[in-house]
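One structure is given below, encoded as structure tokens.
Derivation of every value follows stated rules applied to the coordinates shown; laboratory data play no part. Since the structure is predicted, the reported quantities are computational estimates derived from the model, not experimental observations. Please note: Cβ atoms are built from the backbone with ideal geometry, for glycine as well, and neighbour counts cover all protein chains shown.
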Amino acid sequence: MPSLESIPPDAVRIMPDNLRTLATEILCQFDLPKADASRIADCLVQVDLRGVVSHGTRQLQRYVKEFKAGQINPRPKIRLVQETPVSAVFDGDGGAGYLVATRATEAAVQKASAQGIAMVASRAHGHVGSCGIYARMALQHNLVTWSVAGGRDWIPPTHPDATVWEAMKSPPMCFAIPSSEDPPLVLDMNATMFKGMDQVEKAMQTFPDPVFKSLGIRFISTILAGAMAGAIPADQPEPAFSGASRGFFIVAVHPGHLGDLETFTQEVRRILSESLKLNPLPGLDTAEIPGSREWKREQAWAREGIPITKEHQHLLSTIAPDLHVQIPWYTEPLCHPILPPTRHPKKSWPAWTPLNPAFKKSLKTPPNQPKINFKSCRPCSPD
């Protein structure tokens, strides 16, 4: 049977701290305070650790372009603009979405822990990434959450052949439920079951139910996150940063305010563990539930390193030299993984290793690769 864990032979293992350092250094070149750059980098590496390749450090290419173009505020002053005992609204001041979504989630955790339930929104910020980042923050406090993100100021598609499917994009959403033992239940997804219009057309001919269900959650996520959470009040000016068009919405519930917390989390564990003992879906080699594969990767890859494909390496290596940031897979000798990781003599890069020894030949420093002068790199601002 095929495995869900196939890893391309051209991938190399890079330790999480290594990748966090690289992402932080890249972001610091755009005048972000070090704490903010580190938080964004940590969010991205969290997602890479779980194998969600679309929303990890690959997103740096997008963020670098936004910061270069002045579309996102590198030093936002996040404001709490509205609050009740069970709700709050934050203004992101045009900054990166990860920063204000983190603040929103922290508020949701505090309020739900005290009151049993909370709903928190944020607006005027950039991309928040995977909603699972914030769900896992709340899981540490045994909170059930549901979260969505999306863009405001919706406009209909203008193409003459556009269908109702194209009225919406595919914003992220996440449901998370705590368990007395790991893994918890985490349904972290974008609001669709299809990757392209060709798949939609095929499904409409054979099994249309998923199309209508996907269409429904696309509308729900966009309207709640964009039109409700992300809306700018009429008496306030539009954000000065054009990329700050996103909203985020999270609802948190404390099961202990509805019954006994321990009884609930133990019952969740029983349901999940017994389900994982059943036969896998046809064609797969293991039974899995939402979030279980990602949790397994997170545990293993934290020790072994994150598999970074050649295409992913190339994407990052086109960003870093331009910003005078060291690229670890061009500057370190190849070695087998060592735990705890060994350190580079001149720079604190943890050890890494290729998954395929034959790939070693392709990792020679390109002839046009610039020498890195660490003294010329812009340091992270401490505040």
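Based on Cα contacts under 8 Å between residues 6+ apart, the range 79-269 shows a relative contact order of 30 percent.
Only Cα pairs under 8 Å and at least 6 apart count here; give the relative contact order of the range 96-143 as a rounded whole percent. Value for the range 96-143: 51 percent. By the count of neighbouring beta-carbon atoms within 10 Å, fewest first, 296, 277, 195 end up ordered 277, 195, 296. Residues 105, 309, ranked from the fewest to the most other C-beta atoms within 10 Å, line up as 309, 105. Counted by Cβ distance under 10 Å from residue 8, the other residues give a net charge of -1, where Lys and Arg count +1 and Asp and Glu count -1. What does a probe at residue 277 reach in the range 246-266, counting residues whose amide N is under 17 Å from the point 7 Å along Cα→Cβ? Counting only backbone N, you get 266. Taking amide H positions as modeled 1.01 Å from N, with prolines and chain starts lacking one, the residues under 5 Å from residue 126 and 5 or more places away or on another chain are 95, 96, 97. If you wrap the tightest convex hull around every Cα atom of the range 79-269 and split its volume per residue, you get 127 Å³. Using Cα centres only, tell me the gap between the range 140-157 and the range 159-227 in whole Å. A separation of 12 Å, based on Cα centres. Using a simple spin-label model with pseudo-atoms 7 Å out from Cα toward Cβ, residue 262 and residue 204 lie 5.5 nm apart.
How high is the relative contact order of the range 1-105, in percent, with contacts defined as C-alpha pairs under 8 Å that are six or more residues apart?
After rounding, I find 19 percent.
Take every DSSP beta bridge whose two residues both sit in the range 79-269; close to 85 percent of them are antiparallel.
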